[in-house]
Structure formats: structure tokens, C-alpha cells
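Here's the structure, in C-alpha cells; my notes come after.
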Amino acid sequence: MLKIENLQASIDDKSILNGLNLEVKAGEVHAIMGPNGAGKSTLANIIAGKEEYEVTNGAIELHGEDISELAPEERAHNGIFLSFQYPVEIPGVSVTNFIKTAINETRKAKGLEDMPAKDMLKKIREKSELLEIDRKFLSRSLNEGFSGGEKKRNEIFQMAMLEPKLAILDETDSGLDIDALRIVANGVNKLKSKDNAVIVITHYQRLLDYIVPDFVHVLYDGKIVKSGDASLALELEAKGYDWIKQELV
Amino acid sequence: MKYTEDDLEKELETQEYKYGFYTDIESETFAKGLNEEVVIAISKKKNEPQWMTDWRLEAFRVWEKMEEPEWANVRYEKPKFQDIAYYSAPKEKPKLNSLDEVDPELLDTFKRLGISLDEQKKLANVAVDIVMDSVSVATTFKKTLGEKGIIFMPISEAIQEHPALVKKYLGSVVPTTDNFYAALNSAVFSDGSFCYIPKGVRCPMELSTYFRINEGGTGQFERTLVVADKGSFVSYLEGCTAPSRDENQLHAAVVELIALDDAEIKYSTVQNWYPGNKEGKGGVYNFVTKRGICENNAKISWTQVETGSAVTWKYPSCILKGNNSVGEFYSIAVTNNHQQADTGTKMIHLGKNTKSTIISKGISAGHSQNSYRGLVQINSRAENARNFSQCDSLLMGNACGAHTFPYIEVKNKSAQIEHEATTSKIGEEQLFYCNQRGIDTEKAIALIVNGFSKEVLNKLPMEFAVEAQKLLEISLEGSVG
Ligand SMILES: Nc1ncnc2c1ncn2[C@@H]1O[C@H](COP(=O)(O)OP(=O)(O)OP(=O)(O)O)[C@@H](O)[C@H]1O
Ligand SMILES: [Mg+2]
């Protein structure tokens, strides 16, 4: 589904990604771990098409097609979803209005009519129940005054509404309490299928107890320096990153 | 493919005026220039009684001695007042009972503006009194209103048919001597609307007037007078769009509202005069005086969505004369390219327990300048007066400006006054977030701006709110892609 080859990217002449390779197939769950500042969010943003970063080398393919020239909204229309590490506030725009606009704009891009209000409502009801979100919450301004955990749960609600092909969850677990973590993880699991894929960026094994990864990658200094199965995450949790850094020298 | 603020700015300025056309309706226009003869001629043309002619002449003599105000935070080339034709009317002034009788070309104009009267009649239950080039050409719904004793007609007709009412209230809130533009308007106003709601009557529909400027080089001086008698209620809508034009067009309207005891007037405006091209050439000068007076327990709400005009100078105000009276001002002002707006309100608290609310949302893009100027005045006898003001500014790009000039004068210690102000910017993070969800930048800006303006949009009558949202989108939209 997603194939990244030798990706190099920089911002203001500062190199952040230094030849990164990653392949994600449909039906897989990949976890990306790594120390602060390693470039995890940068990778997520570049896949999503953030134009601030300059891609100096390498290719990103989605379903076998190069997406590097696509605008962020076009990538979204092609099924890429990013759950932000720090979701932004949009005052005065309700969660409902926002997600309605997002769905209808995506449909418009595909030449479809707006989703009938009845279907929209049904879907909102279904997905908010899945994630145990109070309906009143949906009429609030997007992310305005939301607690850290509420913001993350709202990201996953949007993911559930948009049903992406490739979901990238950037530290979705941080800020979630123990119950919320379980609810959100269950939500993600329910949305998983053989046709879509998930990349989970996290610092903690905790989340991976619920969302079990097929692969775990260590991103360090702008590269993936080690990959393994779910047990690698346990090892990292126990030992930290020093041993990997040492392996590199 | 970096998307910078400069790109955003470019997108915003490339939008051309959507309603840039004008119709070829045969018009009769006075020669340019203004003197006593012209004032008398206007009055004669309208068959006015002597008291009206005298009233105009008095205004003219005052105006001649006045200076154009300079204090507003706007810069423009002063209109040459002797270069303006002060009267322009379609040659035939047909009296029409139905839309079928309206000049087809005119109907076509309305269609191009996206305002189908038929549709409005059906959907919105709106009575429309169209003012085109200073003369009303169609009045609808007169009958329904007539049954309730409501008078809604061109002011020129009201002067003929209800002289006592007009004489009593005209100039009672905005005296002829009030300011330069009000004096000019009083001398030369050619038409406008008059509305009277009898005691205890709730007007069953929104009253609406669409103002248009259509004749090259004619200033337009509309006069609106709304009187809500004791215990009555009326919601009045005013909307305008103007055809594209190269020379500046002057618009100096006067609106007077009178809310007698226990009455309520809701006055909503969507203003979309031609703003000039993206270099700042052309465009309408909008110098308006709008003021209302509240008697005991009365309430006046001004709601405005201002997206047009090259220069706007406008302060809808409330004189809270009666005890327990309430004044409200809800405003959205959008400026783009080289537009300049200096707008706000005055809340004059005279009575006891008077209350006022001011919510102002300024949105600036391009090289525009957007100023809020508001006065809250609590007079010595206004016990327990309260005011809440909130002024929010939203900036797009780095070349525009937002300014807030709140003036507060308190002469009574029991007053409670709150003022809040915020300035924010549409950030690239917000745009990227929207983009990531499949919403393109143009739509994202519309979404963010609508969210920012929501508190005010919510105050508009439903059918107007939809139009207003569209207008916000149009006035900020670029040509993405
Ligand atoms: N817009 C930017 N301007 C300047 N530097 C940036 C920008 N974005 C990222 N960086 C830098 O790139 C590096 C990688 O940042 P990134 O946010 O991708 O790290 P991360 O792996 O997600 O870290 P964390 O675990 O703390 O979330 C950091 O040194 C960061 O300061
Ligand atoms: Mg990060």
C-alpha cells in the first residue's frame, strides 16, 4: 500500500530524514518508535503532504503511484489519514460541521453527491457510540478547550468517520487515561481490515498491548535503524534506546 | 511546493467582483452639481409638499457650511460633490401589482444577482420593496401587511400618503445637522423606505429592501425610517450589491429607527457594494448614518455583515433613552485587497437599567485596513447601566491591518462595563489540519471565517444567514488551483 524509498527531507536546510525506507502492506499494523526529535512526526507530516518540508530525495508511493506532487487534500482523498500529535483548534466550527465538511469534500472530489443528512446522522451516531463519545461533545467547537485526551479521542472519531485506507496515529495514546486508551484502541481495532493499514507512532508498549503490531521499527536520526516484530517493543520498553545507538557506532 | 502566507494572500486577491455588470435601463438623470435649485427640483420631481422642500433646503444650507469629517481611519480621494448627479430614476415609474409587470431586464438583473423574487416569496416569506436607482419599482406583499395596519412603502409615497407620521419622525433621531453626510442626505435623498408597525402588532414576515446602484456617476442617498409603535415587533432586512464601475460611487444613506415603549426592532444588513478592483481602483464609498432610539423597555438590534465597499464609514447606534431599554450591535466586517472599513457603534445610555451588547468581528485580508470604533457612553442619570463589548479580529497574511478604538465615557458610578478584544491569524497549521481531512484551502478559509463569525451569523434571520455565509465565502475566495 505505502512504499517509501530512501526518503530525505529537510526544513530550512536542516536535514531531518536521512534516507528512510518503509513498506506497509494492506492489512498490516506497523509501530514506529524512537527517541524525541528522531523525526517520527516529520515522517507522518511528509506522508500527509505538509508543504513546509522539502523532500530532497526519495519517493513515496501509495497503491503503486507516486504521490509526491499531490496536495495534502488530494492525499486525504486517496485515503491517507493523520491523527495529529497536537490537533489544532478551530473556534466556532463544531465537530459535527467539520466532519460533515470533510466527508462531503472528499465525496465531491470523487464526483459523488453530498452524503444525505440521514446517513450522516446515522454514521455519526454509530461512530460516536463505538468511541463512547457523548453527543453533546460533537456540538462543541473543534478542539477548543478540549482536554488532551478529548482531542485524541476526537481524532480517532474523525478517522472512524472517514474510514481511511492508511491511518497514521501520531502519539494518539499520549494524554489518554487508562479507560480511554482501551476504548480508543478497541475503536482502532474494529476499523482494521485486510484492506487498510495502520502506522502507530508511540513511545510506550502500553498501546501495543491493545493494537498488536505486525512490525516494530526504530526511527533514529532520520532513519529506520532497526525493525522487528512485537517483541522489539517490549525490549525497548525494558532497555531504552542506548543499546541501539551503541549498535550503530 | 511550499505554501506561504504570500501565496495565501495572492489567492485572496485574485477574486474578481462577481456582480460586475449593469443593466441598460433607460434613466433620467439630472445634470451634475448641487445647489438650491437642484434641491428644489428633486423635491418638485417627487411632488413633495412645501414643508418637505423647506426641510431639504434647511439641510442643504447647513451642509454647505460643513466640512467633510477626517477623523476616521480611512484614506481616500474625496468625492467631488459638484461632479455628482443627484437624481437618477428609471424614465417610467411603473406602479406594479405583480412581478410580471416588472421590466424583464430588471428581473434579469435580479436573477444574475441570485435573488429570484419568486423564490424569495415562496421560500422566505419576505416582502420585498426593491429600490433600484433611487426609485422603487416593485412593492410586494402590501396587502398582507395592510391587513395588519402595517405601512411599508417607498418613503416618497409615505410623504404623500402619511405626511403626519413622516413629518413627526423624519429627522427625529438623525437631525439634518447631525453630520456632513447626514445633512447631504437630508437635502437630496431621492428615495428609500418607510415602515410603520402599529401598536401591539408583530410584523408577520421579515421586511426586506434590496438597494442597488446602477447609473454611472450617480450618488445614492437613501432614506429609511422605521417606526415601531408601542409593544410592536419588526424584523427588517437590508441587502445590497452594486455593479462594477471604475469611478468611485458615493453612497450616503440615513437610517432612523424609532422603538416606542415595549417595542422591538431587529435591523439586519448584508452589504456588498462593489469594493473596487484588486489594485484598489473604483469601488463604492459607503458613508452611512444609522441610529435608533429606544423608549421604555424597548429594544433595538443592529446586525450587519459588511463585505463590500472601497471605503466604509458606518456606526449603527442606539440611544437608550427609556428605562430598561436594550441596544445590541452584532457586526461582521470583511475587508480584502485595498478595502478600508471604519465601523462600529455608539451605545448612548440615558435611561435606568439600560443594557447594551456589542459583538464585532473584523476579518482582514490582502492590503486592507479594518477598524472597529465604538463608543459606550453612560450618562449621569443612567443608574445600573450595563455594557458588554467584544471585538475580535482575524488577520490573513501580513499586509493587512486590524485596529480597535474603543471609547468609554462613564458618568455614573453604578455602571458595569466589560470589554474584551482578541486578534488572531489564520494559521498554516489550521489550514494543513483541514487539508489533511480532505478540505481544500479555499473551503478551509471559508470554514474558519464562518466559525469565527458564528456568534454574529447566528443573529441573522435564517434565509439571510445562508446568503451572508455565501458572501463571506465569495469575498474571501481565491482562484485555487
Ligand atoms: N517546522 C520545523 N522547524 C524546525 N525544525 C523542525 C520543524 N519540524 C521538526 N523540526 C525538527 O526536526 C526534528 C524531528 O522532529 P519531529 O517532530 O519529527 O520528532 P519526533 O520524532 O516526532 O519527536 P517526539 O517524539 O518528541 O514527538 C526535531 O529536531 C525538530 O526540532
Ligand atoms: Mg512527534
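Taking region A:45-66 on its own, how many of its residues are facing another protein chain (nearest Cβ under 10 Å) and within 14 Å of ligand 1 (Cβ to nearest atom)?
Residues that pass the stated criteria total 8.
Would you check if A:A9 is within 14 Å of chain B (Cβ to nearest Cβ), within 16 Å of ligand 1 (Cβ to nearest atom), aliphatic (A, V, I, L, M) and open to solvent by less than 10 Å² (accessible area, probe 1.4 Å)? Before the answer, list the steps.
Details: within 14 Å of chain B (Cβ to nearest Cβ): yes; within 16 Å of ligand 1 (Cβ to nearest atom): yes; aliphatic (A, V, I, L, M): yes; open to solvent by less than 10 Å² (accessible area, probe 1.4 Å): yes.
It is true that A:A9 is within 14 Å of chain B (Cβ to nearest Cβ), within 16 Å of ligand 1 (Cβ to nearest atom), aliphatic (A, V, I, L, M) and open to solvent by less than 10 Å² (accessible area, probe 1.4 Å).
Working carefully through the options B:E264, B:E295, find the one that is touching a residue at least 24 places away in the same chain (Cβ under 8 Å), over 29 Å from B:M396 (Cα atoms) and over 20 Å from the mean Cα position of the chain (by Cα). Steps first, answer last, please.
Numbers: B:E264 fails: over 20 Å from the mean Cα position of the chain (by Cα).
Among B:E264, B:E295, only B:E295 is touching a residue at least 24 places away in the same chain (Cβ under 8 Å), over 29 Å from B:M396 (Cα atoms) and over 20 Å from the mean Cα position of the chain (by Cα).
In region B:316-374, which residues are at positive phi and modelled with pLDDT under 90?
Correct list: B:N337, B:G366.
Checking the conditions here, which among A:E171, A:E163 is open to solvent by 10 Å² or more (accessible area, probe 1.4 Å) and closer than 17 Å to A:I47 by Cα?
Just a single option satisfies the conditions, and that option is A:E171.
For region A:12-44, which residues satisfy the criterion of being more than 11 Å from ligand 2 (Cβ to nearest atom), of a type in the set (D, E, K, R) and more than 14 Å from every other protein chain (Cβ to nearest Cβ)?
The answer is A:K14, A:E23, A:K25, A:E28.
Kindly indicate the residue of region A:168-187 that is β-branched (V, I, T) and within 13 Å of ligand 2 (Cβ to nearest atom) and also nearest to A:E155 (Cα to Cα) among those meeting that condition.
A:T172
Can B:I426 be described as buried (at least 21 other Cβ atoms within 10 Å of the Cβ) and among the β-branched types (V, I, T)?
yes
Check region A:124-140 and report whether any residue there is more than 8 Å from chain B (Cβ to nearest Cβ), open to solvent by less than 10 Å² (accessible area, probe 1.4 Å) and under 23 Å from A:H203 (Cα atoms).
Yes, there is a match, as at least one residue in region A:124-140 is more than 8 Å from chain B (Cβ to nearest Cβ), open to solvent by less than 10 Å² (accessible area, probe 1.4 Å) and under 23 Å from A:H203 (Cα atoms).
In this structure, does A:E69 turn out to be surrounded by fewer than 21 Cβ atoms within 10 Å (Cβ to Cβ), more than 16 Å from ligand 2 (Cβ to nearest atom), within 14 Å of chain B (Cβ to nearest Cβ) and over 14 Å from A:D221 (Cβ atoms)?
Yes.
Looking only at region A:90-148, how many residues end up being touching a strand residue (DSSP E or B) at 6+ places or on another chain (Cβ under 7 Å) and of a type in the set (G, A, S)?
Matching residues across region A:90-148 total 4.
Examine region A:42-60 for a residue that is aliphatic (A, V, I, L, M) and in contact with a Gly (Cβ under 7 Å, 6 or more places away or on another chain), and state whether such a residue exists.
no
For B:K346, only one of the following conditions fails: (1) in contact with a helix residue (DSSP H, G or I) (Cβ under 8 Å, 6 or more places away or on another chain); (2) within 16 Å of B:R291 (Cα to Cα). What is its number?
With respect to (1) in contact with a helix residue (DSSP H, G or I) (Cβ under 8 Å, 6 or more places away or on another chain); (2) within 16 Å of B:R291 (Cα to Cα), B:K346 is out only on (1).
Mind counting the residues in region A:211-249 that are open to solvent by less than 40 Å² (accessible area, probe 1.4 Å), touching a Phe, Trp or Tyr at 6+ places or on another chain (Cβ under 8 Å) and part of a strand (DSSP E or B)?
2
Only residues that are out of contact with any helix residue (DSSP H, G or I) (no Cβ under 8 Å at 6 or more places or on another chain) and touching a residue at least 12 places away in the same chain (Cβ under 8 Å): list them for region A:232-243, please.
A:L232, A:Y241, listed by residue number.
Looking only at region A:177-207, which residues are of a type outside the set (F, W, Y) and either in a strand (DSSP E or B) or within 16 Å of ligand 1 (Cβ to nearest atom) (or both)? It would help to see each step written out before you state the result.
Just the residues of region A:177-207 that are of a type outside the set (F, W, Y), to begin with: A:177-203, A:205-207.
Within region A:177-207, A:A197, A:V198, A:I199, A:V200, A:I201, A:T202, A:H203, A:Q205, A:R206, A:L207 meet the criteria.
Go through (1) open to solvent by 10 Å² or more (accessible area, probe 1.4 Å); (2) farther than 28 Å from B:L457 by Cβ one by one and return the number of the condition B:I348 breaks.
Status for B:I348: all satisfied but (2).
Considering only region A:23-44, how many residues are open to solvent by 10 Å² or more (accessible area, probe 1.4 Å) and more than 9 Å from ligand 1 (Cβ to nearest atom)?
Residues in region A:23-44 being open to solvent by 10 Å² or more (accessible area, probe 1.4 Å) and more than 9 Å from ligand 1 (Cβ to nearest atom): 5 in total.
Applying the selection to region A:72-104, what residues are away from ligand 2 (no atom under 16 Å from the Cβ), open to solvent by less than 50 Å² (accessible area, probe 1.4 Å) and at the interface with chain B (Cβ under 7 Å from one of its Cβ atoms)?
Matches in region A:72-104: A:P72, A:E73, A:A76, A:H77, A:I90, A:G92, A:V93, A:T101, A:A102.
For region A:153-175, enumerate the residues that are more than 16 Å from ligand 1 (Cβ to nearest atom) and not in a strand (DSSP E or B).
Residues of region A:153-175 more than 16 Å from ligand 1 (Cβ to nearest atom): A:153-154, A:156-167.
Once the filter is applied, which keeps residues that are more than 16 Å from ligand 1 (Cβ to nearest atom) and not in a strand (DSSP E or B), region A:153-175 yields A:R153, A:N154, A:I156, A:F157, A:Q158, A:M159, A:A160, A:M161, A:L162, A:E163, A:P164, A:K165.
Within region B:267-292, how many residues turn out to be on the phi < 0 side of the Ramachandran plot and either under 14 Å from the mean Cα position of the chain (by Cα) or buried (at least 24 other Cβ atoms within 10 Å of the Cβ) (or both)?
To start, the set of residues in region B:267-292 that are on the phi < 0 side of the Ramachandran plot comprises B:267-275, B:277-279, B:281, B:284-292.
Going one step further and asking which of them are either under 14 Å from the mean Cα position of the chain (by Cα) or buried (at least 24 other Cβ atoms within 10 Å of the Cβ) (or both), we end up with B:267-275, B:284-292.
Residues meeting the conditions: 18.
Tell me which of these A:K165 doesn't satisfy, since it passes every other one: (1) closer than 30 Å to A:P91 by Cβ; (2) more than 16 Å from ligand 2 (Cβ to nearest atom); (3) within 14 Å of chain B (Cβ to nearest Cβ).
Unmet for A:K165, out of (1) closer than 30 Å to A:P91 by Cβ; (2) more than 16 Å from ligand 2 (Cβ to nearest atom); (3) within 14 Å of chain B (Cβ to nearest Cβ): (1).
Exactly one condition in (1) within 14 Å of chain A (Cβ to nearest Cβ); (2) under 30 Å from A:L162 (Cα atoms) is not met by B:V456; state its number.
Only one criterion in (1) within 14 Å of chain A (Cβ to nearest Cβ); (2) under 30 Å from A:L162 (Cα atoms) is unmet by B:V456, namely (2).
Return a yes/no flag: does region B:469-480 have any residue that is more than 14 Å from chain A (Cβ to nearest Cβ), in contact with a Ser or Thr (Cβ under 6 Å, 6 or more places away or on another chain) and not small (G, A, S).
Looking for residues that are more than 14 Å from chain A (Cβ to nearest Cβ), in contact with a Ser or Thr (Cβ under 6 Å, 6 or more places away or on another chain) and not small (G, A, S), one finds at least one in region B:469-480, hence yes.
Just name the residue that is most open to solvent (accessible area, probe 1.4 Å) out of those in region B:429-445 that are at the interface with chain A (Cβ under 7 Å from one of its Cβ atoms) and assigned to a helix (DSSP H, G or I).
For region B:429-445, the residue satisfying everything is B:E429.
With the checklist (1) within 16 Å of ligand 2 (Cβ to nearest atom); (2) among the acidic types (D, E); (3) surrounded by 21 or more Cβ atoms within 10 Å (Cβ to Cβ) in hand, flag the one item A:E52 doesn't pass.
Of everything listed in (1) within 16 Å of ligand 2 (Cβ to nearest atom); (2) among the acidic types (D, E); (3) surrounded by 21 or more Cβ atoms within 10 Å (Cβ to Cβ), A:E52 misses just condition (3).
The values are calculated or read from the model by the stated rules, or taken from the named source; none is laboratory data. These numbers were taken from a predicted model, which means no experiment stands behind them. Every residue, glycine among them, receives a Cβ derived from its backbone with ideal geometry; neighbour counts consider all protein chains shown. Side chains included, ligands, DNA and RNA excluded: accessible areas come from the protein's heavy atoms. Shrake-Rupley method; radii C 1.70, N 1.55, O 1.52, S 1.80 Å.
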